[in-house]
Every structure is written in structure tokens, then in C-alpha cells.
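Here's the structure, in C-alpha cells; my notes come after.
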Amino acid sequence: MTALPIPTITLNDGKEIPQLGLGVFLVEPGETERIVSEALEVGYRHIDTAAIYQNEAEVGRAIAASGIPRDELFITTKLWNSDQEDPNAAMDASLERLGLDHVDLYLIHWPVPALGTALGAWRGLIDIAASGRSTSIGVSNFEIPHLQQLIDETGVVPAINQVELHPHHQRRELRDFCREQGIAVEAWGPLAQGKSDLLTLAEVTTAAQAHGKTPAQVVLRWHIQHNIIVFPKTVRRERVIENADLFDFELSAAEMAAIDGLDRQHNFGPDPSTYNQV
């Protein structure tokens, strides 16, 4: 299996992450192993899962069956909210389900302000990184005050912040803060989860026609050119292939500016400042 020529981004710890991967959020049981296997066969090497997705074991089986050397893969999983008080045990459980001795990136899934355990969890992730069980560590859905607390209290800057981000919710202030701190940004829901008119807007469709691409490819390319890491979720092999066909064209400055102008500051997922599900 030959890897696709996907560019990488260097993290603040010196490690490299492929800028495109496959996400498996809400992939049905029984489907995950198939779609991950197909993605690896197509040439993907970056897979994003989480304990709460309940499909780590299927991801692990697909990895094992692929025969791809471990050092060619980039595997992310996440610490669920109810496990923030014991991240070491949660990490070990995830590794057992994945059938791996380490992951490449371990993220605190949500800040969960009502619990007040994120800082302690971050200290646990620092220990996990030191033990070699995760090569890099970061966070997901953290706002600026959440990030600032971790940095101020520990001096360890997350390698990544994974947040809802798309042309209708561009998070410019948060992205500027992350850039200043050397935190790479990953986008979940990069196509607005199919919950908006994004892919039908002229700013997107005109660029798609000009480049002979689909509207989804144009939006994913917009992310790539903003140096954002993306891992669109799909269960269709043809869409896996389409989503990776982003690196033979470039949006012009005018096309980028037009899509930049679509920001509605509208999120379709939970608000991290008030989301306290455990």
C-alpha cells in the first residue's frame, strides 16, 4: 500500500502530522473497520478516533490487518470527559482497544468547565507523553481561557487544538491565539456537517467550476491553504478518494477571500464553554 503524497505540518514538539486524515465520529459499529481499511488501502495514514466513539477496537483491527509499518501511521484518540480524573487508566484502556503500544496524539476531548478537572487531566497527559504512550499531546474544543490556564499553570503548550471550524465558523480570534502560541489547529466538521447551505453558495460553487472540483473539495482546500488540519468523516470509499484529491490545485487569493467572507460565526456543535456532558 502506497501512501498518498499528503503534506505534513510540524508541531511545536517537532513531530509531523499529515494535514489530511480520516475521522470516524458517528461511524456505525461494523462500518469503522471497513472504511479505515479502505482509507489505508487508498493511501491515508492519519486516523482520528476517540474513546467515546466506541470504535477504537475496529480502528485497531484495520491497522493490524493493513500490515503498514507503525511508524508510517498517525493515530489520534481522545480522553473522554468522565475519565479526566484518571487519564492514565483511560490511556491504557484506549491502547488496549487499539492494539497499540502508543498513539501519535492524545487529546483532552472537552474542557468541561463544570467539572474543573481539565488542568489535572492536562498534567496527566504530560505524564503520558513522558512515558512514551503518546508521542504528542493536545486538546479539543478548548477556548482561549481554557488554553491559557493550561499554559500558565504547567508551562506546557498543547501541540494541537481540535475545534469545530468551517467557513461559517472560522474562529479567527482563537486561530490567531493558537498561531501566536505555536498550537496547530485541527478542524472537526470542516464541511459544516452538512447542516448548512455552504456547498451551494456561489463563492464555493464558482471556484469548484473554475478548478474542475467539487464544492466539498474547494472547502477542504480552503482549510488546507489556511494551514488547518482536516479529517473529514465518510463511510464511502469514493468520498475517501475525493476528499484526498486536494493537492493538484490552488485557490486564488480572490477565491480564498470570497470564502473568508462567508463567516457567520455560527457553530452547529456544542458550545465548549457550556458543554458539560459526562
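The values are calculated or read from the model by the stated rules, or taken from the named source; none is laboratory data. All of these numbers come straight from a predicted model, not from anything done at the bench. Cβ: placed from backbone, ideal geometry, glycine included. Neighbour counts: every protein chain shown.
Within segment 173-197, which residues are touching a helix residue (DSSP H, G or I) at 6+ places or on another chain (Cβ under 9 Å), more than 19 Å from Asp245 (Cβ to Cβ), crowded, with 18+ Cβ neighbours inside 10 Å and at pLDDT 95 or above?
Within segment 173-197, Leu174, Cys178, Ile183, Ala184, Val185 qualify.
List pairs: first residue in segment 1-28 and among the hydroxyl-bearing types (Ser, Thr, Tyr), second residue in a loop (DSSP other than H, G, I, E, B) anywhere in the structure, Cβ distance under 9 angstrom, at least six positions apart or on different chains.
Partner pairs satisfying both residue conditions: Thr2/Gly43; Thr8/Gln19.
Residue-by-condition table, conditions (1) outside any helix (DSSP H, G or I); (2) surrounded by fewer than 23 Cβ atoms within 10 Å (Cβ to Cβ):
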| site | (1), (2) |
| --- | --- |
| Gly14 | yes, yes |
| Glu38 | no, yes |
| Glu41 | no, yes |
| Glu58 | no, no |
| Ile68 | yes, yes |
| Ile75 | yes, no |
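Would you pick out the residues in segment 122-140 that are hydrophobic (A, V, I, L, M, F, W, C), surrounded by fewer than 24 Cβ atoms within 10 Å (Cβ to Cβ) and in contact with a helix residue (DSSP H, G or I) (Cβ under 7 Å, 6 or more places away or on another chain)?
Those that are hydrophobic (A, V, I, L, M, F, W, C), surrounded by fewer than 24 Cβ atoms within 10 Å (Cβ to Cβ) and in contact with a helix residue (DSSP H, G or I) (Cβ under 7 Å, 6 or more places away or on another chain): Ile126, Ile128.
Inside segment 95-107, can you point out the residues that are in a helix (DSSP H, G or I) and either touching an Asp or Glu at 6+ places or on another chain (Cβ under 6 Å) or buried (at least 17 other Cβ atoms within 10 Å of the Cβ) (or both)?
Leu95, Arg97, Leu98
For segment 137-145, state whether one or more residues are part of a loop (DSSP other than H, G, I, E, B), touching an Asp or Glu at 6+ places or on another chain (Cβ under 7 Å) and under 19 Å from Glu186 (Cα atoms).
Within segment 137-145 (the criterion being part of a loop (DSSP other than H, G, I, E, B), touching an Asp or Glu at 6+ places or on another chain (Cβ under 7 Å) and under 19 Å from Glu186 (Cα atoms)), the answer is no, since none of the residues qualifies.
What tally of residues in segment 159-181 results from selecting those that are in a loop (DSSP other than H, G, I, E, B) and in contact (Cβ under 8 Å) with a residue 40 or more places away in the chain?
Residues that pass the stated criteria total 5.
Restricting to segment 17-35, what's the tally of residues that are closer than 19 Å to Val163 by Cα and not in a loop (DSSP other than H, G, I, E, B)?
Going through segment 17-35 one residue at a time, the tally reaches 5.
Could you please tell me which pairs satisfy a Cβ distance under 9 Å, a separation of 6+ or placement on different chains, a first residue in segment 247-272 that is of a type in the set (S, T, N, Q), and a second residue that is buried (at least 16 other Cβ atoms within 10 Å of the Cβ) and assigned to a helix (DSSP H, G or I)?
Ser252/Ala207
Of all residues in segment 110-120, how many are surrounded by fewer than 24 Cβ atoms within 10 Å (Cβ to Cβ) and within 20 Å of the chain's Cα centre (by Cα)?
2
Which residues, counting only those in segment 226-270, are exposed (fewer than 15 other Cβ atoms within 10 Å of the Cβ), within 16 Å of the chain's Cα centre (by Cα) and assigned to a helix (DSSP H, G or I)?
Result: no residue meets the conditions.
Those residues that are in a helix (DSSP H, G or I) and touching a helix residue (DSSP H, G or I) at 6+ places or on another chain (Cβ under 9 Å), I need them from segment 83-94; list them, please.
Residues satisfying the conditions are Asp83, Pro87, Asn88, Ala89, Ala90, Met91, Ala93, Ser94.
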